[in-house]
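See below for the structure under consideration.
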Amino acid sequence: MAADALCDRFLAAVPLPPGAVVSGYWPLGDEIDPRPLMAALAGRGHPLALPAIRAACQPLDFRTWRPGDALRPAGFGTQEPLAEAPMVQPEVLLVPLLAFDAAGYRLGYGGGFYDRSLALARRAGDILAVGLAFAAQQVAAVPREATDQRLDLVATERGLITPAAAEAEGP
């Protein structure tokens, strides 16, 4: 299964600081499933979180979550932790996407939630943003706007892609 292969490749190649808080996401439709990776990270002692939609045009909140915790329906057909789950600031953000390019840019669902959240987190300190995708989702170039945030890595079932610095300088 692609999600298991992605998990194995991520764990073999991405050293995370002990105890780093990792925010994943609840998968939609045909997205690669981050849950095997999240379960493995929890097993290695990493606290987990899931994003929660605050409001349109706002950054995401990140609330603690463990496999098996109750979730509630959220916008865009996804699930999020209950409102009483404590908020945390992730050090690693696993990001869903529709398409990505070698420069580390992603095409999302158009709400801008992850771009706003990454911009805010980067102003506050270090965060590792890792797009999770099927290798077939890579395209030659993703259209970009000034507010689009670049991913630090993209993990697929075939391996990790480190964005090319030269390509990141594009428009």
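The values are calculated or read from the model by the stated rules, or taken from the named source; none is laboratory data. All values reported here derive from a predicted model rather than from experimental measurement. Note that we place each Cβ from the backbone using ideal geometry, even for glycine, and neighbour counts take in every protein chain shown. The area values use the complete protein model at the heavy-atom level, side chains included, leaving out ligands, DNA and RNA. Shrake-Rupley method; radii C 1.70, N 1.55, O 1.52, S 1.80 Å.
Odds and ends about this structure:
- Correct choice for Cα extents along the principal axes in Å that was computed from the model, options [x] 43, 35, 32; [y] 46, 36, 29; [z] 59, 30, 30: [x]
- Cβ-based net charge around Met1, under 10 Å, with every Lys or Arg adding one and every Asp or Glu removing one: -3
- Only Lys, Arg, Asp and Glu carry charge here, each on its Cβ (+1 for the first two, -1 for the last two); on that basis the range 26-171 has a dipole of about 280 debye about its Cα centre.
- For the range 73-132 versus the range 1-53, the gap between their alpha-carbon centres in whole angstrom: 13 Å
- Full-stretch length increase - Asp69, Arg123 - with 0.36 nm per residue and alpha-carbon distance subtracted: 16.4 nm
- Taking label positions 7 Å along the Cα-Cβ direction at both Ala146 and Ala5, the computed distance is 4.1 nm, reported to one decimal.
- Loop-located trypsin sites (Lys or Arg not before Pro) in the range 19-92 (DSSP state other than H, G, I, E, B) with a sparse environment of at most 14 neighbouring Cβ atoms within 10 Å: Arg44, Arg54.
- For the chain, accessible area per residue (1.4 Å probe, heavy atoms of protein chains only), Å²: 49 Å²
- Sequence-separation-based contact order of the chain, relative, with Cα cut under 8 Å and 6+ spacing, percent: 24 percent
- Across the range 1-81, Cα pairs under 8 Å and at least six residues apart give a relative contact order of 26 percent.
- Label-to-label distance, nm, for residues given as Val139 and Ala12 (7 Å Cα→Cβ offset): 3.0 nm
- Remark: accessible surface ordering of Met1, Met38, Met87 (largest first) is Met1, Met87, Met38, probe radius 1.4 Å.
- Taking amide H positions as modeled 1.01 Å from N, with prolines and chain starts lacking one, the residues under 5 Å from Ala103 and 5 or more places away or on another chain are Ala164.
- Whole-percent carbon and sulfur share, accessible surface of the chain, 1.4 Å: 56 percent
- DSSP loop GluC sites (Glu not before Pro) with at most 12 other Cβ within 10 Å excluded, longest remaining stretch of the chain: 1-83
- The Cα trace of the range 2-103 gives Rg and Dmax of 13.5, 39 Å, the first to one decimal, the second as a whole number.
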